[in-house]
Every structure is written in C-alpha cells, then in structure tokens.
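K.L.:
Following this message is one structure expressed as structure tokens.
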C-alpha cells in the first residue's frame, strides 16, 4: 500500500491524559513501549508474542522501518511498518509496507495525535485498516478484525494513560 492509500475501516479512541503533550508524545513515540502489549506471551496473543526489530531511525523518524515477527495462537506472523508522518509533539503515523503476514486485518495505518489542553493533553489513537482479501484470513477478519482494532488502540491509549497516573513510576506530577 502507498502513503496515499485509503482504508475502508477505522477505529479510534481518545481522552484526556494529565500530562504535558511533549511527555505523552515521547512515551507514544517509543515503538518498544507501544508494542509492549504484544511482546509478552499473553492470552490475547494466544500464548504467543511478537519480537520488534528497529532500524537506525529507531522508529522515530519519517522513513524509519519497524519489523515485527512472532506467533499468535501458534500461527507465524510478520510485518514491516514504516513511519510516514512525525511532527513532535503533535502526531505520528506509520503503516504496513510490503506484504504483511497477519490474520485478522491486512494493511493498516496506525497513529496518534496529542493536543495540549489546560489540565493535560487530549490524546487520540487511531487505526485505519483493511480486512484480508481471501481465504480463511478473510473470514477471520470479518469475525475478529474490529475486535483487534479496538484492542490495539485501547491498549495503546490505556498504556499511555496508566504511565502518567499520579504516583506511578515515571508518572507526571503537575506543579
């Protein structure tokens, strides 16, 4: 898919996080943190996990590549993402490139926006995606694609919000 590709499906989650936009952006800009929900064996990954490999841009520059490979429910998965937009501290977008080997969604564009507000920052995490075109993956996509999109975006937003809860390690305490 190209940068100008359109996607037929969309899901997003947004809310207020009590922290400065720059700190939230830096948290969400770290691919290791964003993918932490997939890097450990869990029930939602069917006992599997994904390993993240970053290029010299560490997933934090336009054009930087991030490779994910592993297993979910015993099925091998792999994909390459490329950062297509990044404007610190406002937004970042990345999307799949090549032929992703995933089962419940196909190509996708994933990103976040951070906007400063008087008592924190408004954060929006979104995914635009396609379902797999054929085979069993097509049917799995119809059954579980929207659930995966919700899980992924809610998890990314929730991890960011939890990171900045007062008293948590690395949390933000307003002056």
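Please treat every number below as a calculation from the coordinates, not as lab data. Treat the numbers as computed from the prediction; the structure is a model and nothing was measured. Cβ atoms come from the backbone with ideal geometry, glycine included; neighbour counts cover every protein chain shown.
K.L.:
Going 7 Å from the Cα of residue 75 in the Cα-to-Cβ direction, what parts of the stretch 111-143 have a backbone nitrogen less than 20 Å from that spot?
P.N.:
Counting only backbone N, you get 128-143.
K.L.:
Pull out a ≥ b ≥ c, the square roots of the eigenvalues of the alpha-carbon gyration tensor of the stretch 9-163, then state rounded if a/c is under 1.5, prolate if not and a/b is larger than b/c, and oblate in the remaining case. Intermediate results must be reported in sequence, preceding the final value.
P.N.:
On the way: a/c = 1.76, a/b = 1.56, b/c = 1.13.
Prolate, since a/c reaches 1.5 and a/b exceeds b/c.
K.L.:
Now for a separate question. Fully extended, how many nm does the chain gain between residue 87 and residue 136 (0.36 nm per residue separation, minus their Cα-Cα distance)?
P.N.:
On the way: separation 49, 0.36 × 49 = 17.64 nm, distance 3.83 nm.
Residue separation times 0.36 nm, minus the Cα-Cα distance, leaves 13.8 nm.
K.L.:
If you don't mind, there's one more thing I want to ask. Let me have the relative contact order for the stretch 9-163, percent, based on Cα pairs under 8 Å that are six or more residues apart. Could the numbers behind the result be given before it?
P.N.:
On the way: 329 pairs, mean separation 39.0, N = 155.
Rounded, it is 25 percent for the stretch 9-163.
K.L.:
The stretch 43-108 to the stretch 132-154: how many Å between their Cα centroids?
P.N.:
Taking the Cα centre of the stretch 132-154 as reference, the centre of the stretch 43-108 is 16 Å away.
K.L.:
So for 88, 155, fewest C-beta neighbours within 10 Å to most, what's the order? Intermediate values should be presented prior to the final figure.
P.N.:
Working: 88 13, 155 17.
Least to most surrounded, the residues fall as 88, 155.
K.L.:
Run the numbers for residue 33 and residue 62: contour at 0.36 nm per residue of separation, minus the present Cα-Cα distance, in nm.
P.N.:
Working: separation 29, 0.36 × 29 = 10.44 nm, distance 1.84 nm.
Residue separation times 0.36 nm, minus the Cα-Cα distance, leaves 8.6 nm.
K.L.:
Given the Cα-Cα distance of residue 14 and residue 55 and 0.36 nm per residue of separation, how much length would full extension add, in nm?
P.N.:
Full extension of this stretch gives 11.8 nm more.
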